[in-house]
Amino acid sequence: MVCLGNICRSPLAEGILASKLPKDKFKIDSAGTGSWHVGKQPDQRSIATAQKNGLDISDQRARQFRPADFDKFDHIFVMDNNNYKDVIALARTEEQKAKVDLILNALFPGENVDVPDPYYGSQFGFDSVYQMLDEACDNLAQKLIAQHS
């Protein structure tokens with residue numbers, strides 16, 4: 001799961017998807033394309049939103065996306081088109097590029113819809129983002145479980 005700073009959207013997406021998949025079969029992680037928040041906890045509003053929905057993401061720490069992540073992960077879900085461009089720019093092969101997709105394509109196939117960045121908005125934005133990601137992760141979890149069964 002990749003967003004800009006790895007403190008709002010991608011930590012929520014990591015926590016949500018991890019809650020829907022068997023922990024012994026899947027490794028879910030998140031990262032940001034930028035380095036501003038490396039080592040920091042998710043935004044308090046993301047933590048509160050996750051808690052409201054029965055998830056604890058407070059142990060997560062921000063990190064920056066690295067080219068080595070292409071080797072570590074089978075799928076890389078980005079939150080918006082800018083993240084997509086930044087991640088694709090780090091890919092060395094077509095195979096690596098093929099691993100990258102916008103997360104909301106799980107709900108709106110091929111439409112390349114952005115998950116809005118709630119950072120500069122109110123708590124409502126975080127709640128709205130949670131709902132989008134929860135729906136997308138339901139679809140992703142079903143597909144991933146089917147692929148790896």
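The values are calculated or read from the model by the stated rules, or taken from the named source; none is laboratory data. In this text the structure is predicted, and so the values were computed from the model without any measurement. Quick reminder, even Gly has a Cβ in these numbers, built from the backbone with ideal geometry, and neighbours come from all protein chains shown. Just so you know, the surface numbers come from the protein's heavy atoms only, side chains and all, with ligands and any DNA or RNA stripped out. Shrake-Rupley method; radii C 1.70, N 1.55, O 1.52, S 1.80 Å.
Brief remarks follow.
- Label-point separation, Ser122 to Asp138 (7 Å along Cα→Cβ), nm: 2.6
- Pairwise FRET efficiency - Gln131 versus Asp59, Cβ, R0 = 22 Å, nearest 0.05: 0.45
- Rounded, prolate or oblate (a/c below 1.5 giving rounded, otherwise prolate when a/b exceeds b/c) for the range 1-66 by Cα gyration tensor: oblate
- The loop-placed trypsin sites (Lys or Arg not before Pro) in the range 50-125, going by DSSP, that have at most 12 neighbouring Cβ atoms within 10 Å of their Cβ come out as Arg92.
- Apolar share of the accessible surface for the chain: 50 percent from carbon plus sulfur atoms, 1.4 Å probe.
- Sparse-neighbourhood loop sites, chymotrypsin sites (Phe, Trp or Tyr not before Pro) in the range 33-79 - DSSP loop, at most 13 other Cβ within 10 angstrom: Trp36
- Near Ser128: Cβ cut-off under 14 Å, other residues only, Lys/Arg at +1 and Asp/Glu at -1. The net charge is -2.
- In the context of the full set of protein chains, the chain has a per residue accessible area of 51 Å² (1.4 Å probe).
- A simple spin-label model places the labels of Phe108 and Gln51 3.2 nm from each other, with each point 7 Å out along Cα-to-Cβ.
- Separation of the range 78-132 from the range 17-73 is 14 Å, based on Cα centroids.
- In this simple spin-label model, placing a label point 7 Å from the Cα along the Cα-to-Cβ direction at both Lys40 and Ala91 gives a separation of 3.0 nm.
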